[in-house]
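The values are calculated or read from the model by the stated rules, or taken from the named source; none is laboratory data. Just so we're clear, the structure is a prediction, and the values are computed from it rather than from any experiment. Virtual Cβ from ideal backbone geometry, glycine too; neighbours counted across all protein chains shown. We work out accessible area using only protein heavy atoms, side chains counted, and drop any ligands, DNA or RNA first. Shrake-Rupley method; radii C 1.70, N 1.55, O 1.52, S 1.80 Å.
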Amino acid sequence: MTEALAISVTKAERSKLQDINLENIPFGKYFTDHMLEADYENGEWKSVEIKPYQPLLLEPSLAALHYGQAIFEGIKAYKDEEGNAFIFRPVDNFKRFNKSAERMNMPVVPEEIFLEGMRQLIDLDRSWIPAKNEHSLYIRPFMFSSDAMLGVRPSETYKFIIILSPTGPYYAQPMKILVEESYTRAAPGGVGFSKNAGNYGGSMLAASQARKAGYDQVLWTDAFEHKWLQEVGMMNVFFMIDGVAVTPSLEEGTILEGVTRASVMTGLKEMGIKVEERKISIDEVVEAYKAGKVKEVFGTGTAAVIAPIRELNYKGFAMEFDPATFTVSTNVKKWLSDIREGRVADNHDWMWKV
Ligand SMILES: *Cc1c(COP(=O)(O)O)cnc(C)c1O
């Protein structure tokens, strides 16, 4: 696409903002006044519109509902103390979104729509970005196949949408995690690295069963031996073992490449902590735990940023950790929040001004 795309803007007649208390908001439940919608047809993106947030009118034969070509992203926008609005690392999410699109045989979304459209949409709804500590505006870009046709084949038409949801502090309760040994989330050659809707549909039963057994989430393991560690629910996982931060490597394509994971690795290195991205087995963790070498275990993701893990259960063996003693994850979380909320300089070009 060479020409700049014209984005048509229709403003809401009345803002819903006055009806909502931004002090006390559950995650993902309230949406701002506007949304962005674009359609892909005959090989190109067209009719890019910003318009009042509203329901979609869809055919029951909508391809996405039957065959699952559907992908999404999760990004956050912040306001600094002067009221300037910034989006955290949206270019990384843009690239990841198009990687997911390619894997799911969907068209890529051009930068003018994904990034510029997002910037314009957030500019319009900027009064919805909470300015308080630990508050942010959650951005949800997504795309799905929109052919009204039951044949199993890649759709010819697609819809790309961005919606925005103000969010408060996510008090990440320390988690109790079950190491998953029966179900599989992702295998080499599959779609584990993509943020496609089906990955979440496929993981809900394991998570529900773990919840019934008293856990918050599962720690996924590899498909063949249920031994190599992958990630925790919708978060990447880190272990502090003998002073080294270890996180599972990405090369098999079975793990989502988290932007928070990458940011945390940068932060840890700047704090002088050695980081290892490599294969890590549950047996290694159990052995290190028994030797008293595992000091912290935590998950990383856009929603919670960093979530401490207080118990890891493998075959009935409970490894317990005391999040009150976690120093590395607490420091890296503060380091990241300070950058995101504008309290310290952004030396990495992570904050994208709206
Ligand atoms: C989104 C997601 C993550 C975290 O990625 P961030 O970019 O840090 O938000 C980790 N695992 C899975 C499965 C995810 O969907």
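Taken together, Gln209, Gln217 contain a single residue that is over 29 Å from Ser145 (Cα atoms), open to solvent by 30 Å² or more (accessible area, probe 1.4 Å) and either within 12 Å of the ligand (Cβ to nearest atom) or of a type in the set (Ser, Thr, Tyr) (or both), which is Gln217. Take the residues in the range 87-97 that are more than 10 Å from the ligand (Cβ to nearest atom) and closer than 18 Å to Ile255 by Cβ; name whichever of them is surrounded by the most Cβ atoms within 10 Å (Cβ to Cβ). Across the range 87-97, the extreme among qualifying residues is Phe97.
Every condition in (1) without any contact (Cβ under 8 Å) to a residue 40 or more places away in the chain; (2) open to solvent by 60 Å² or more (accessible area, probe 1.4 Å) is met by Gln173 except one, and the failing one is (1). Selection of the range 99-115 for residues being of a type outside the set (S, T, N, Q) and open to solvent by 70 Å² or more (accessible area, probe 1.4 Å) yields Lys99, Glu102, Arg103, Glu111. Criterion applied to Asn347, Asn331 was being open to solvent by 30 Å² or more (accessible area, probe 1.4 Å) and part of a helix (DSSP H, G or I), and the one residue passing it is Asn331. Does Leu229 qualify as being under 30 Å from Asn105 (Cα atoms), of a type outside the set (D, E, K, R) and either touching an Asp or Glu at 6+ places or on another chain (Cβ under 7 Å) or in the same structural domain as Arg103 (by TED's automatic domain parsing) (or both)? Considered against the rule, which asks whether it is under 30 Å from Asn105 (Cα atoms), of a type outside the set (D, E, K, R) and either touching an Asp or Glu at 6+ places or on another chain (Cβ under 7 Å) or in the same structural domain as Arg103 (by TED's automatic domain parsing) (or both), Leu229 comes out as no.
Restrict the check to the range 156-164 and report whether at least one residue is in the same structural domain as Pro90 (by TED's automatic domain parsing), part of a loop (DSSP other than H, G, I, E, B) and surrounded by fewer than 18 Cβ atoms within 10 Å (Cβ to Cβ). Yes: one or more hits.
Restricting to the range 33-64, give me the number of residues that are within 15 Å of Met149 (Cβ to Cβ) and either of a type in the set (D, E, K, R) or not assigned by TED's automatic domain parsing to the domain that holds Tyr158 (or both). Going through the range 33-64 one residue at a time, the tally reaches 2.
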